[in-house]
Amino acid sequence: MLELHQFRHSPYCLKVRMALAAKKIEYRTVEITPAIGQIDIFQKTGQKKLPVLFDNETIIHDSSSIIRHLEKIETEPKLIPEGLKEGSQVQIIENWADTTLAKSIKIVFLEEITKNPTLISSLFANEISESMQKLLVNIPTKIAGQISGLINHKEKESLKLNLEYLSNLIDQENFLIGENLSIADISVASHLSLLKFPNSSGENLKGKGCSLYINDPSLQNLFKWRDLIEDKLGTTNHH
């Protein structure tokens with residue numbers, strides 16, 4: 001059985017789980033404790049970043065590479081269309097989501113943590129010691145000045161505009177490209193998790209996220225679309 005080494009709340013790990021569920025591939029997860037656990041995974045694989053997928057003797061890292069591996073071992077349903085045009089379009093969106101969108105969302109999420117440091121406790125509940133949680137809760141107050149320097153009004157405006165474009169697009173169509181679920185939908189949906197955590201995040205986190213976006217009426221359609229995709233996919237995970 002495939003083994004996914006992950007940090008549950010990482011958008012990139014969620015992206016892989018959604019792909020596994022879409023293809024109905026059974027797997028089990030190994031939860032890696034941030035920082036401490038990453039030392040162990042580095043010793044095993046030479047990789048510090050998650051997710052990492054173990055397929056018998058084959059080890060694949062990077063969410064995009066993992067999904068392309070899944071495309072080979074389970075060809076249906078295809079998450080990357082065979083047609084040159086649609087295949088190129090979904091991979092352009094995937095790359096944009098994993099880079100530009102991910103960066104903008106991460107920055108506003110870090111800003112949210114400086115305002116709401118208890119969110120860290122929810123992120124790491126039951127995964128690290130209470131003393132470590134207290135330490136992490138204190139970190140945001142120390143880095144608040146640095147984070148505020150990373151954020152500017154234009155960047156927030158750009159993120160908001162892109163989110164509204166996405167919301168308008170899925171309001172007209174069920175999927176971003178074509179008539180079937182693709183890596184484009186999965187990539188965008190997974191990164192939205194840091195703005196508003198989905199039900200799959202568990203009781204401690206579901207519905208929480210970045211206050212500026214959670215209650216924005218223009219984005220509710222986008223979050224609903226994300227939730228519908230996850231609900232339809234279900235899970236094939238064996239803990």
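Quick look at the values:
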{"read-out": "Elements of type helices (runs of 4 or more DSSP H) contained in the range 1-100, each with 1 or more residues being under 20 Å from the mean Cα position of the chain (by Cα) and at pLDDT 95 or above", "value": "11-22, 63-73, 84-96"}
{"read-out": "Filter result (assigned to a helix (DSSP H, G or I) and surrounded by fewer than 16 Cβ atoms within 10 Å (Cβ to Cβ)) within the range 101-124", "value": "K103, K106, K115, T118, S121"}
{"read-out": "Check on N237, farther than 28 Å from E86 by Cβ and within 18 Å of the chain's Cα centre (by Cα)", "value": "yes"}
{"read-out": "Pairs with Cβ under 9 Å, 6+ apart, first in the range 49-76 and on the phi > 0 side of the Ramachandran plot, second assigned to a strand (DSSP E or B) and surrounded by 16 or more Cβ atoms within 10 Å (Cβ to Cβ)", "value": "N56/L2; D62/V52"}
{"read-out": "Out of L222, L176, L195, sole residue that is surrounded by 20 or more Cβ atoms within 10 Å (Cβ to Cβ), touching an Asp or Glu at 6+ places or on another chain (Cβ under 7 Å) and of a type outside the set (K, R)", "value": "L176"}
{"read-out": "In the range 44-88, the residues that are surrounded by fewer than 16 Cβ atoms within 10 Å (Cβ to Cβ), closer than 23 Å to F175 by Cβ and among the β-branched types (V, I, T)", "value": "T75"}
{"read-out": "Unique residue being basic (K, R) and modelled with pLDDT of 85 or more when the list is K142, K106, K115, K134", "value": "K106"}
{"read-out": "Positions within the range 174-203 being farther than 14 Å from I92 by Cβ and either in the same structural domain as H69 (by TED's automatic domain parsing) or in a helix (DSSP H, G or I) (or both), in sequence order", "value": "I186, A189, S190, H191, L192, S193, L194, N199, S200, S201"}
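The values are calculated or read from the model by the stated rules, or taken from the named source; none is laboratory data. Computed from a prediction, not measured in an experiment: that's the story for all the values here. FYI the Cβ positions are ideal-geometry reconstructions off the backbone, even for glycines, and counts take in every protein chain you see.
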